[in-house]
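The values are calculated or read from the model by the stated rules, or taken from the named source; none is laboratory data. This is a predicted model, so every value here is computed, not measured. Cβ: placed from backbone, ideal geometry, glycine included. Neighbour counts: every protein chain shown. The protein model used for the area step is the full one, side chains on, heavy atoms only, and it has no ligands, DNA or RNA in it. Shrake-Rupley method; radii C 1.70, N 1.55, O 1.52, S 1.80 Å.
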Amino acid sequence: MNIVVYCGANVGTEEVYSYDTKKLGEWISKNNHQLVYGGGGVGLMKIIADSVLKNQGSVIGVMPEFLVSRELAHKNLTELILVDSMSQRKQEMIEMGEVFIALPGGPGTLEEITEVVSWSRIGKNDSPCIFFNSNGYYDFIQKFYNEMVDKQFLDKQDREKILFSDSLTEIQTFIASYVPPSIRIY
């Protein structure tokens, strides 16, 4: 299974982010999944790729050429796919993905996971979307999604299709039992 992981090009302020990133990488490898990610060789991006590779897993990076020229690309990937733009990167990763997981990260990470969540609601993504809630990193986003339900901008059934968790057991169960949301009709 291709697991798309969105995450930061920095490691953040808390060691638990790096620890959880390594743990997720080990889980991907040990379950014979393949990592698809942004191809970076810095921050949590490097840690997730290194963890998968260290455990004999396969890693596909997808990176725009302008970032490769800044020497941000990981040097030891199973495969590096070069694209022209960030939009092409996101599209390529979505097309390859069977599960989408956001580790801690910045605005780009949030944009990417939010896009696949949004696409689920309109029938353009039938894969699980997960916020890996390392040390409560995504608590505010979770609260905001719940607020969307309370204010009737998101159906409760659609909200239940988005997981916030740092438990690999819970994540695995969510993936195994996932049923895509119904296509939204107005």
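Listed here are the residues, each with its yes/no results for (1) of a type in the set (Asp, Glu); (2) surrounded by fewer than 22 Cβ atoms within 10 Å (Cβ to Cβ).
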site: Cys7; (1), (2): no, no
site: Glu14; (1), (2): yes, yes
site: Ser18; (1), (2): no, yes
site: Trp27; (1), (2): no, yes
site: Gly39; (1), (2): no, no
site: Gly57; (1), (2): no, no
site: Ser87; (1), (2): no, yes
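For the stretch 121-144, residues that are surrounded by fewer than 19 Cβ atoms within 10 Å (Cβ to Cβ) and of a type outside the set (A, V, I, L, M) total 11.
Among the residues of this structure, Pro181 does not count as one that is assigned to a loop (DSSP other than H, G, I, E, B), under 19 Å from Asp20 (Cα atoms) and in contact (Cβ under 8 Å) with a residue 12 or more places away in the chain. Ile122 meets each of the listed conditions (1) hydrophobic (A, V, I, L, M, F, W, C); (2) at pLDDT below 95; (3) more than 26 Å from Gly12 (Cα to Cα); (4) touching a helix residue (DSSP H, G or I) at 6+ places or on another chain (Cβ under 9 Å) apart from (4).
Selection of the stretch 145-171 for residues being surrounded by 13 or more Cβ atoms within 10 Å (Cβ to Cβ) and either assigned to a helix (DSSP H, G or I) or touching a Gly at 6+ places or on another chain (Cβ under 6 Å) (or both) yields Tyr145, Asn146, Met148, Val149, Asp158, Arg159, Leu168, Glu170, Ile171.
Considering every residue within the stretch 103-114, establish whether at least one is among the small types (Gly, Ala, Ser), touching a Gly at 6+ places or on another chain (Cβ under 6 Å) and either within 21 Å of Val42 (Cα to Cα) or open to solvent by 20 Å² or more (accessible area, probe 1.4 Å) (or both). For the stretch 103-114, residues among the small types (Gly, Ala, Ser), touching a Gly at 6+ places or on another chain (Cβ under 6 Å) and either within 21 Å of Val42 (Cα to Cα) or open to solvent by 20 Å² or more (accessible area, probe 1.4 Å) (or both): present. Ser118 satisfies every condition listed in (1) farther than 26 Å from Gln91 by Cα; (2) loosely packed, with under 14 Cβ neighbours inside 10 Å; (3) under 17 Å from the mean Cα position of the chain (by Cα) except (1).
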